[in-house]
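Report on one structure; see the data block that follows.
The values are calculated or read from the model by the stated rules, or taken from the named source; none is laboratory data. Since the structure is predicted, the reported quantities are computational estimates derived from the model, not experimental observations. Backbone-built Cβ (ideal geometry, glycine too); neighbour counts: all protein chains shown.
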Amino acid sequence: MPQDDIVSRANTRWQDSLFRNPFPAPNLPVLPNSNADLARDFLDLSFSLESGRALPMLTRFEGPISVHLSEHAAESLPSDLNRLIRRLRTEAGLEIFLTQSKAANITIQSVSRAQLRKALPNAACFVVPNVNSLRDFQLRRNSKAASWSHQTERHKVMIFLPSDATPQEVRDCLHEEFAQALGPLNDLYRLPNSVFNDDNVHTVLTSFDMLILKITYASDLHSGMSRTQVQDHLPAILNKINPRGISRSPNNLKPTPRVWINLIQTSFSPDISISRRHSAARQSVSVAQTNGWHDHRLGLSYFSLALITQSQDIKKSESLFKAAMENFRRNPQSRLHRAYTASHLASYALIDNRPQYALDMVEPNIKIAWEFENATLLATLLLLKAEALDNLGRGDEARSVRLDSSHLAGYGFDSERAWNTKRRAISELSAGMQNGG
């Protein structure tokens, strides 16, 4: 059950007219995948839990899948759920539909974050088999019926989402937990373009994720099959649904050792001291280099170390973000990682009175944030662009860009106060230089 930081909503009126998903019909990029990589990834995702515990058999829903949305949902949830179900039908080929029946295969229950924390302290949202309510989960959490490792087929699953988080946070939880309700229960850090990755970079189901779900529900597979049985069927399945991947060379990324996973998770944990996080981030870079990685995992280690270093040494932090960006640029499937890194490098450029560099950094990444439907990141990049334009003497353009960013604010930020705080922080980046240091 992946963890996310949830920001409290201070002013509900702020979202009354702005909560709707600001993105038009989904247009996420379709990135190529080798069938050899897909087969390996599917098996590792489907036959293990996040803890590393092996699962003895494939489990899925057999037949059409019904979905019920309970009352008290966040206002943005119904439209985002409809949007997701349409994608699952068209991209993954699933026979899935909404129903008013409480006997649905998948029920989505919205509860307050306080209730979620009480039930599972470290989870922002989660998914459980064979329970009827949060109270039922608390009573049965240690039973075999509510244990994923004891399932032989999926019949009834309940997803618990926050009712009082930002629309984007609710949607992100919906995508991640819905994907696990339908398919794999594992996360793999080696996946650069997937929600099935605990780094929380991708929060909307990608083309890779849809392929994984399409494989899960292939007609040649069924619940109860062993890993070996599934493995035997995968070549024919993949050749049919992903013909472009037949001749594509595999990446053959090395497995991620548990020591690196523990270090990177420690480095991002807000409940741990800065000194411990800094040490963990440095060690994660060392482990990545020792393993000979040149993929996004090395970039993530640099990114983590840069984040922790920025409060102590801005120049060192900037050099680490540049190292992360260099790594992400080498990897075509690390585009969203680049966009996150660009926001930090552009901020440093504005502090250092380099507005053209900041503009060059954010402009190509605005499109990426848009494609991946990340309103919070997109609004931030647009504000950085506006600040750079102002510093270049292009005030009319800056005002237009700021207006564009405000259209995203209600979906990605929890309150008008939070949004104004973000705007002020970015406008103040270059204030020091403009005032003579």
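General observations
- Conditions (1) crowded, with 24+ Cβ neighbours inside 10 Å; (2) at positive phi: number failed by Gly393: (1)
- All positions within segment 274-322 that are among the β-branched types (Val, Ile, Thr), in contact with a helix residue (DSSP H, G or I) (Cβ under 7 Å, 6 or more places away or on another chain) and within 20 Å of Leu188 (Cα to Cα): Val285, Val287
- One residue stands out in segment 396-423 among those that are buried (at least 19 other Cβ atoms within 10 Å of the Cβ) and polar (S, T, N, Q): the one that is modelled with the lowest pLDDT, namely Ser415.
- Matching residues in segment 161-219 - criterion: being of a type in the set (Ser, Thr, Tyr) and under 21 Å from Pro22 (Cα atoms): Ser163, Thr166, Thr203, Thr206, Ser207
- Filtered residues of segment 149-174 (kept if in a helix (DSSP H, G or I), surrounded by fewer than 22 Cβ atoms within 10 Å (Cβ to Cβ) and either in contact with a helix residue (DSSP H, G or I) (Cβ under 9 Å, 6 or more places away or on another chain) or at positive phi (or both)): His150
- Selection within segment 127-137 - surrounded by 13 or more Cβ atoms within 10 Å (Cβ to Cβ) and of a type outside the set (Gly, Ala, Ser): Val127, Val128, Pro129, Asn130, Val131, Asn132, Leu134, Asp136, Phe137
- Residue in segment 359-370 that is over 22 Å from the mean Cα position of the chain (by Cα), in contact (Cβ under 8 Å) with a residue 24 or more places away in the chain, farther than 30 Å from Asn193 by Cβ and surrounded by fewer than 23 Cβ atoms within 10 Å (Cβ to Cβ) present: no
- Contact map, segment 280-295: residues that are touching a residue at least 60 places away in the same chain (Cβ under 8 Å) paired with residues that are surrounded by 13 or more Cβ atoms within 10 Å (Cβ to Cβ), Cβ distance under 6 Å, separation 6+ or inter-chain. Pairs shown: Asp295/Leu253; Asp295/Asn331.
- Which listed residue is within 26 Å of Ser249 (Cα to Cα), modelled with pLDDT under 95 and of a type outside the set (D, E, K, R), from Pro2, Pro29, Pro22: Pro29
- Annotation: Ile65 fulfils all but one of (1) surrounded by 18 or more Cβ atoms within 10 Å (Cβ to Cβ); (2) on the phi > 0 side of the Ramachandran plot; the unmet one is (2).
- Helices (runs of 4 or more DSSP H) lying entirely in segment 215-292 (those with 3 or more residues that are hydroxyl-bearing (Ser, Thr, Tyr)): 274-290
- Against the list (1) touching a Leu at 6+ places or on another chain (Cβ under 9 Å); (2) of a type in the set (A, V, I, L, M, F, W, C); (3) within 21 Å of Phe160 (Cα to Cα), the condition Leu120 fails is (1).
- Leu38 under 20 Å from the mean Cα position of the chain (by Cα) and under 27 Å from Val170 (Cβ atoms): no
- Hits in segment 242-279 (condition: of a type in the set (Lys, Arg), touching a residue at least 12 places away in the same chain (Cβ under 8 Å) and either buried (at least 17 other Cβ atoms within 10 Å of the Cβ) or farther than 21 Å from Asp209 by Cβ (or both)): Lys254, Arg258, Arg277
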